[in-house]
Amino acid sequence: MRGKPAQLAEGKANPDEVPPGTPGAGEHMCHRCAGTGMIDGRTCPECGGTGKVTTPIGGG
């Protein structure tokens, strides 16, 4: 994948995503699909169709 971060090439869609329940993390709108859960009529690969991703909050 030319011009894509290494994480995308390795199959990790969102390098900032963390497992649900991680201390200091929260749910945010998926930026890849703008929170719709769909891209071009298909399930968004980054959020799995939920429109949300769990990411770290703050700088801690």
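Summary of computed values
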{"item": "Label-point gap, in nm, between residue 42 and residue 16 - each point 7 angstrom along Cα→Cβ", "result": "2.4"}
{"item": "Sequence of 44, 30 once ranked by neighbouring C-beta atoms within 10 Å, starting from the fewest", "result": "44, 30"}
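FYI, it's all coordinate maths here, none of it is from the lab. Quick caveat: nothing in here was measured; it's all calculated off a predicted structure. Here the Cβ is made from the backbone with ideal geometry for all residues, glycine too, and neighbour counts use every protein chain on show.
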